[in-house]
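The values are calculated or read from the model by the stated rules, or taken from the named source; none is laboratory data. The shown structure was predicted, so the numbers you read here are calculated from the model rather than taken from an experiment. Here the Cβ is made from the backbone with ideal geometry for all residues, glycine too, and neighbour counts use every protein chain on show. Heavy atoms of the whole protein, side chains included, go into the accessibility calculation; ligands, DNA and RNA do not. Shrake-Rupley method; radii C 1.70, N 1.55, O 1.52, S 1.80 Å.
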Amino acid sequence: MAIGRTKHLDLKDLHLVRRPCEIDGAPKKPARATRSALLTGTAGDTAVTVYWRRQMELPKTTTANPLRAQRGGDDDPSNVAVHVNMDGPSPAQGPPACGFAPKCPMPKLVTSQGKATPLFGDGLPPPHILTYDPHRMWNTLAPFVARDVTVCMNMRVWAKDIGFVGLALLIMLVLPNIGAFPDGEFGGGNACDASVNGPNSEVCQLNDVLQSSKTEFRFLIAFILSGYVGMTIGLWRTRRQNYASLCGNARNLNIQIASFLPIDKSDDGLMQTRRTLGRWVMLAFELAVLKARGHMDSELGREYLESNGHIVAGEWEAMIPGDRHSSVFWWIQHKMVALEKQGLVSVHFVTQTATAVSSMRAQANDLMSSLDRDQPFCYASLCGLLVQSNLLIMTVWKGVMWSTWFWTFGNDIFIQPKFYTDVLTLYAWNVSYASLYNLGYVLHNPFGERRLDVAHETIGEGIRKLSIELMEGESHLPPSSKA
């Protein structure tokens, strides 16, 4: 089963395929290569394949690469090889000319795109980043060529900071024209000197005060903003770890139910019960994510569940609004108790299932919990106030300083390299400070449709496939288990 689809992004071609591998649509005879070979580079030359977990299969025409193996927890697509065809020749043309060295082309972002009907919009769900290579990040170009995965994803961020630069330029042009420089002539030399009662003392002293204020505010905000950024990233990681634990619990509950219930292909009722319980586990999983996306009780959420086969007639109405996922967990436990009374499972198995249900419910309760995870409002608002104050003070100071340059050099200021350098520096400085605070907006909810959000559609498809296959039973038991 293909867990993803080809997506033409910053890489050339991205395929998520199962074993045996297919590259460019042509099946290749696999040759085995161990993880250790991939890590040490003893298996060969190219830089076209990223491997997830476990021992994978390599085509004879492609071998290892200098990328480290990407290993994750249970939320990573299992047994999946990610093949990235870069600018080098295709496998049919033989290995690329570069050897096992950092100069070989390497993917910057590894993305995945699920095939389920998306919650947002029509068609296929948007691609999401599964991982990236830190050595291949666009440190300078990312805000321009991959804006949607940076804090500069919204044009308003750029426009706002351009507005600050515009304010500084306005101050520069206005002050010389409203009598702020009573001494000397426009373009006639130094507008200020070091003496207390020197020429244009009022505007020159204002420049000194603003410069001092800028320094004091910058020292104060450095401590507060660093704490805010650290808490923001920690909260983002906590929510993604919560989701990873939810994925693991969903797999565990599917495995337990599939193991505890007997398999009897001749009993259609029993086999349907197995399928229903597996579907309910995935329904609770999907409802937990819908809650984080704000659509657990909405018609959009209902349509999403129906279109992907997670619910059948009558189930939506039977759930308790606001606690639909908890309702489904109750269905699972209630059904297991009923099966125990019928003599199909032992009471010990029911107890173990209840423990697994409780563990999964704890992770599914609220991925976006505000009770114990949101930053205090007063702290977040204070950080925002200090950032905006700092930007304003810096901007006004630059405007006043440029006005002294304007009075000193006259129109010749516009041919001075230092003027344009300082304008760009002000813009970069403002963008940097504002972007640190904007991390709080960008990383607040990692369960949306953006490319940098959790790849739920892809991960969920993998868990659902596991659930469906396990509930069917015997076809995945090895012959040795029946001896």
So what J values fall out for the range 460-465 if you push phi through Karplus, 6.51 cos²θ - 1.76 cosθ + 1.60 with θ = phi - 60°, rounded to Hz, Gly and Pro as x? x, 4, x, 5, 5, 4
What residues qualify as long-range amide H neighbours of Leu130, i.e. H under 5 Å apart, gap of 5 or more or another chain, H built at 1.01 Å from N? Val110, Thr111, Ser112
Binned at 10 Å from 0, what are the whole-percent values of the Cα-Cα distance distribution for the range 196-252, short to long? 19, 20, 17, 15, 12, 9, 5, 2
Do you know the relative contact order of the range 237-330, to the nearest whole percent, from alpha carbon pairs under 8 angstrom that are 6+ apart? 26
Once you sort the root eigenvalues of the Cα gyration tensor of the range 401-483 as a ≥ b ≥ c, which label holds: rounded (a/c under 1.5), prolate (a/b larger than b/c) or oblate (the other case)? prolate
Over the range 379-443, give the accessible area per residue in Å² for a 1.4 Å probe, as an integer. 40
Two decimals, Cα atoms only, Kirkwood Rh: what is Rg/Rh over the range 235-302? 1.11
Please compute the modelled spin-label separation between Ile415 and Lys160, points set 7 Å along Cα→Cβ, answer in nm with one decimal. 3.9
Mind ordering 216-227, 452-463, 250-261 by average Cβ neighbours within 10 Å, highest first? 452-463, 250-261, 216-227
Share of the range 153-258's accessible area from carbon and sulfur, percent, 1.4 Å? 61
Give me the dipole magnitude in Debye, nearest 20, for the range 253-405 about the Cα centre, with unit charges on the beta carbon: positive for Lys and Arg, negative for Asp and Glu. 380
Long-range amide H contacts for Gly448: which residues qualify at under 5 Å (H placed 1.01 Å from N, peptide plane, sequence gap of 5 or more or a different chain)? Val454
Could you compute the FRET efficiency for Ser259 and Val312, with r as their C-beta to C-beta distance and R0 at 35 Å, rounded to 0.05? 0.90
For Asp183, enumerate residues with amide H under 5 Å from its amide H, sequence gap 5+ or separate chain, H modeled in the peptide plane. Asn200
Phi-based couplings in Hz for the range 359-366 (Karplus 6.51, -1.76, 1.60; Gly and Pro marked x): 5, 5, 5, 4, 6, 8, 3, 6
Considering the dipole of the range 391-475 built from charges on the beta carbon (Lys and Arg +1, Asp and Glu -1) around the Cα centre, which of His444, Gly410, Leu392 is farthest to its positive end? Gly410
So, by mean Cβ neighbours within 10 angstrom, what's the order for 202-212, 236-246, 185-195 with the highest one leading? 236-246, 202-212, 185-195
